[in-house]
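Heads up: the structure comes next, in C-alpha cells.
The values are calculated or read from the model by the stated rules, or taken from the named source; none is laboratory data. As the structure is a prediction and not an experimental result, all values here were calculated from the model. As a convention, Cβ positions derive from the backbone with ideal geometry for all residues, glycine included, and neighbour counts pool all protein chains shown. These accessible areas exclude ligands, DNA and RNA; they are computed on the full protein's heavy atoms, side chains included. Shrake-Rupley method; radii C 1.70, N 1.55, O 1.52, S 1.80 Å.
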Amino acid sequence: MFQPSSPFSRATVDLLNATFVLSAVILVIVTGLVIYCILRFRSRPEQPEPRQFHGNKTLEIVWTVIPFLSLVWLLALTVNAMNASDPPRQNREPDVVVIGHQFWWVVRYPKSGVVTANEIHIPAGRPLLFRLESADVIHDFWVAQLGRKMDMVPEHPNFAWLQSDRPEEYHGVCAEFCGAQHAWMQIRVVADSPEAFAAWEKQQLEPAAPPATPAAERGARLFQQMTCANCHAIRGLPGEAKAGPDLSHLASRKTLGAGVVENTPEGLARWLRNPQKVKPGNLMPNMLLTDAQTEDLVRYFQTLK
Ligand code: CUA
C-alpha cells in the first residue's frame, strides 16, 4: 500500500504519511520535555523544597490551542483525502461489478457482458467505478495500490473508484474475515494497455473453444455428466449456473480457487481430485473422479483459453 498507483490510493497514503509525521513530531516533543524535566528538576540531596505553583493561564491556553490546531489540520487533510479517494459517482454506471462469494469473486463487466472470476483485467490510465456486492456474508474488497478498501455487504451494493496509472499486475485480498478460507480470497488485477484490454475483452466474449481432441471431448462430456455444469457455466454449452466460477475461459487465468493453486495441468488435476484437500471448506465437493476422468477434464479445461 506504500506504492500507490492511482490518485485514489495516493490520497490515502499521503494522509497516512502526514498523520505519521505529525504524530512523530508530537511524540518527540512530549518525550523530550518529560526526559528534560526528569533530569533537570530531579530532587537532589540538601536541596530545599522547590517553589510551588498553582495554575498558569498562559500555559493552559498554549496546550489547548496547539492540539486543537493540530486536530483541525488533520481534519482538513482527512476531508481532503476522503474527497480525493472517493469522488462522487453522480449517475455513472459501474465499469466493473465484483461479487464476493465464500471464497472467490465474480467479476462482471456490465458494458461488454464479460463474466470471469478472481482475476480482474482493467484498462490502465483511467478511473473505473466498481460496484461491490456480496452473495453471502460480508467480504471486503481491497487492492491497496489501486483504491480504497470497501466492504461488500449482502443486499447493499457499495461503490469504489479504482485506477492503475500504468500497465502492471497487482495483488489484492479479502480484508474482512468471512469464514474458513478467508485467507484464500485473493484478487489478481491485471492493468492492461487500452489495446490489450480491448483484445482481452473480445477474447473473453468468444464462446468457449469446442474440444479438439478425443481426450478433451471426453472431458467436455464428463463436465455435463458429472454435474459440474450444475454450478459452473461455460459459454456456448447449455446451462447458466452461477454457483461457482464461470469456466468459459478458465485457461486464460493464472490461478485456481482464488489464488490457492497455480492453473497448470498439475494444479488443475490436484484441485479436481480433491478440492477439499487443496482448499478445505470451499463449496466445491469432492467428485471422486478416477485418474482417467481427471486427466480428460484437465485436457478439456486446458483448451478453454
Ligand atoms: Cu471474503 Cu474474507
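Direction-averaged projected area, Cα convex hull, the stretch 94-237: 9.5 nm², rounded to one decimal. Contact order normalised by length for the stretch 96-204, with contacts defined as Cα pairs under 8 Å and 6 or more residues apart; what percent is it? In percent, rounded to a whole number, it is 29. Just the accessible area per residue of the stretch 152-294, please: how many Å² with a 1.4 Å probe? Dividing the accessible area of the stretch 152-294 by its residue count gives 51 Å².
When +1 charges are put on Lys and Arg Cβ atoms and -1 charges on Asp and Glu Cβ atoms, the dipole computed for the stretch 96-204 relative to its Cα centre reaches about 220 debye. Placing +1 on the Cβ of every Lys and Arg and -1 on the Cβ of every Asp and Glu, with no other charges, gives the chain a dipole of roughly 420 debye about its Cα centre. Measure nothing fancy, just the Cα-based angle from helix 7-40's long axis to the longest principal axis of the chain, in degrees from 0 to 90, nearest 10. The angle comes out at about 30 degrees. Taking Cα centre as origin and charging only the Cβ of basic (Lys, Arg, +1) and acidic (Asp, Glu, -1) residues, the dipole magnitude of the stretch 16-94 rounds to 160 debye.
Apply 1/(1 + (r/R0)^6) to the Cβ-Cβ distance of LEU59 and ALA180, taking R0 = 51 Å, and write down the FRET efficiency to the nearest 0.05.
On the way: r = 56 Å, r/R0 = 1.11.
After rounding, the FRET efficiency stands at 0.35.
Note down the relative contact order for the stretch 140-283 as a percent, whole number, built from C-alpha pairs under 8 angstrom at least six residues apart.
On the way: 176 pairs, mean separation 23.7, N = 144.
Relative contact order of the stretch 140-283: 16 percent.
For the chain, the residue among GLY147, VAL28, PRO275 whose Cα projects farthest onto the positive side of the dipole built from Cβ charges is VAL28. Label-to-label distance, VAL72 versus ALA198, with points set 7 angstrom from Cα along the beta-carbon direction: 5.2 nm.
For the stretch 107-128, the residues whose backbone nitrogen is under 14 Å from a point 7 Å from the Cα of GLU240, taken along Cα to Cβ, are 113-115.
Taking all pairs of different Cα atoms in the chain, averaging 1/r and flipping that mean, what Kirkwood radius in angstroms comes out?
Numbers: mean 1/r = 0.0438 Å⁻¹.
Computed over the chain, the radius equals 22.8 Å.
Pairs of Cα atoms nearer than 8 Å and 6+ residues apart set the relative contact order; for the chain it is 16 percent. With q set to 0.13, 0.20, 0.26 Å⁻¹, the log10 of I(q)/I(0) for the stretch 214-301, from the Debye formula over equal scatterers at the Cα positions, is -0.37, -0.96, -1.74.
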